[in-house]
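Peer 1: Okay, here's the structure, questions in a sec.
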Amino acid sequence: MEKDWDGFFARCKEVAQAVEKMHSPLVVNHYDCDGLTSGAITAAALEKMGKKYRIWTVRKIDDEVVEKLHGEKEIIFTDLGGGSAGVDRLECNAVIIDHHQTEGRKFLQANPHLFGFDGGTEVSAAGVAYCVFRVLPEIAIVGAWGDVQYPFISINKWILEQAEKEGVARVEKSIRLFGRVSRPLAQMLSFADEPYLPGLTGNEERCMQFCETMGIRLKENAGEGAHGKPDAAGGGGAGTAAGNGLSRAQGKFDAADGKRWRTYHMLNDEEKRKFVSSLAEFLAESGYDRKVEELVGESYLITSRPQESEMADAGEFSTLLNACGRNDQPQLGIDVCLGREGAYEQARALLLLHRKNLREGIAFAQKETEDFGKFLLLDGRGVIADGIIGVVAGMLYSGERKKPILAIALDDAGMVKISMRGTKELVKNGLNLGAILHEACAAVGGLGGGHKIAAGGGIAPEKLDEFLREIGKRL
Ligand SMILES: [Mn+2]
């Protein structure tokens, strides 16, 4: 199918007009980063229209959720609904803003798949919500990052251009390590796992030496530096295991001398260049066979938010929101997107807890993941929370694997939650996890679906063996 830009935007406009006619809709959104951001964009639009609204964040659309929605008069679904036949049973005025694979529903739906675009790579639900409502483009960028859609192409790129025009975001070629904004330089290096830095990852002492050798200062006086104002983010005290002062600092002040640890984001342009080229050189000398280009990539800076908080970088902002959604505090994440007072500080505290849970989950996964022939199996039942099992599977899953990974956990109701992750390479060779999981779950009376590269579902615990056979048959 040809990409139909005009058709897509015309549909978005239709959805906006339908929402304008609503009186006090219920927004039903998904609980991940893209779900929270698409919900927040919708909420901001409704506030601008002066409408009353409520938000209900859910993990998936199942019979129970559909049952609870009976009696609602007006519903706006975001980041879900497009793939759920159950939605068609509702008798109400509803619109769907989604980017998951869909064959269309009985309700009016803005979805890139209906117009020849790939919702897995070209636009997220937050992006579709922006195309509908035209507010908070920078939040749409965060949503797309959360759904791993970088580097931006197609509709995502168009949204980025709108954000740049409004002066709320900026693209930068930057080092591709997590923590550019929130971690002290040496800690950013020592925590690097994608790409893994031989000789540096896991060795904070050596990372500090590395920075000192190239003449980049690790600390500066408060008030100094690129952004020139004291840290707006508030308290430190993050704590990785027992480490030294640096580990506990998390981009904040060192209690010993009152100076502040510098982050990559605080370096000037010349220092940034030096940092990247020295790192490339160091890795070449240690026999690292990857290309230097892999160390740098596009990052998306959110210029409308405090520059020394996680919110300054789309990647770190999305991690902050995932921490909210996956720890049962979706409203907090939405409040952060909407810039509500005090929300960021609370979200950051949750993020620290979330990181601890992830570290423990990954440590377990590294030991316990089994090879099941056609796929890898991570059985996290009773150990890893269902809210983070997909993230753990994704983080564990470096791009070089030859097989998809299937991770399972138990939800509150004792059902088995399933997360599958593939690689771009596997998808290029024809893998469609969304379709496979949809079929295999349906074969055992469960529900599943999603994207080609990442999908999820749920089944009854006694059906697990049968389900694993169904998956094996289809891979
Ligand atoms: Mn999404």
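Since every read-out is calculated from the coordinates, none of them should be taken as a lab result. If you're wondering where the values come from, they're calculated on a predicted model, not measured in any experiment. Heads up, the Cβs are rebuilt from the backbone with ideal geometry, glycines too, and the neighbour counts pull from every protein chain shown.
Peer 1: Based on the alpha-carbon gyration tensor of segment 1-97 and its eigenvalue square roots a ≥ b ≥ c, which shape applies: rounded if a/c is under 1.5, prolate if not and a/b is larger than b/c, or oblate?
Peer 2: Rounded is the answer for segment 1-97, as its axis ratio a/c remains below 1.5.
Peer 1: Round to the nearest 0.05 the FRET efficiency obtained for Asp257 and Ser277 when R0 = 35 Å and r is the Cβ-Cβ distance.
Peer 2: Efficiency, rounded to the nearest 0.05: 0.75.
Peer 1: Roughly how big is the chain's charge dipole about its Cα centre, with Cβ charges of +1 (Lys, Arg) and -1 (Asp, Glu), in debye to the nearest 20?
Peer 2: 240 debye
Peer 1: Moving on. Points 7 angstrom from Cα along the Cβ direction at Lys157 and Ala284: gap in nanometres?
Peer 2: Each label point is offset 7 Å from its Cα along the Cβ direction, giving 3.0 nm.
Peer 1: List the GluC sites (Glu not before Pro) within segment 346-455 that fall in a DSSP loop (any state other than H, G, I, E or B) and whose Cβ has at most 10 other Cβ atoms within 10 Å.
Peer 2: Glu400
Peer 1: What does the charge dipole of segment 5-164 about its Cα centre add up to, to the nearest 20 debye, if the Cβ of each Lys and Arg holds +1 and the Cβ of each Asp and Glu holds -1?
Peer 2: 520 debye
Peer 1: Also, I was wondering about something else. For Asn429 and Lys165 in the same chain, what is the full-extension length gain: residue separation times 0.36 nm, less their Cα-Cα distance, in nm?
Peer 2: Going from the current span to full extension adds 91.2 nm.
Peer 1: Continuing with the same structure: Can you tell me the Rg and the Dmax, both Å, for the Cα atoms in segment 5-164?
Peer 2: Expressed in Å, the Cα Rg and Dmax of segment 5-164 come to 14.1, 42.
Peer 1: Once label points are set 7 Å from the Cα along Cα→Cβ at both Lys68 and Arg134, what is their separation, rounded to one decimal in nm?
Peer 2: So the two model labels end up 3.5 nm from each other.
Peer 1: Something else now. So how far apart, in nm, are the two label points at Gln346 and Arg54 if each is 7 Å from Cα heading toward Cβ?
Peer 2: Result for the modelled spin labels: 1.9 nm.
Peer 1: Next question, about the same structure. Out of all DSSP beta bridges with both ends in the chain, state the antiparallel percent to the nearest 5.
Peer 2: Working: 30 of 51 bridges.
Here the antiparallel bridges make up roughly 60 percent for the chain.
Peer 1: If you don't mind, there's one more thing I want to ask. Among the lysines, which have Cα under 17 Å from the Cα of Lys259 when same-chain residues fewer than 8 positions away are ignored?
Peer 2: Partners within reach: Lys219, Lys229.
Peer 1: Next question, about the same structure. At q = 0.11 Å⁻¹, what log₁₀ I(q)/I(0) does a Debye calculation on the Cα points of the chain give, no solvent, two decimals?
Peer 2: Once normalised to I(0) and log-transformed, intensities are -0.92.
Peer 1: Next up: Aspartates and glutamates within cross-link reach of Lys165: Cα-Cα under 16 Å, excluding same-chain residues under 8 positions apart?
Peer 2: Answer for Lys165, where 16 Å is the Cα cut-off: Glu138, listed by chain and number.
Peer 1: P(r) for segment 369-474: what percent of alpha-carbon pairs falls in each 10 Å bin, starting at zero?
Peer 2: Cα pair-distance distribution for segment 369-474, in percent: 17, 54, 27, 2.
Peer 1: Would you list, by chain and number, the lysines whose Cα falls below 21 Å from the Cα of Lys374, excluding same-chain residues fewer than 8 positions away?
Peer 2: Filter leaves Lys402, Lys403, Lys417, Lys424, Lys428, Lys452, Lys463, Lys473.
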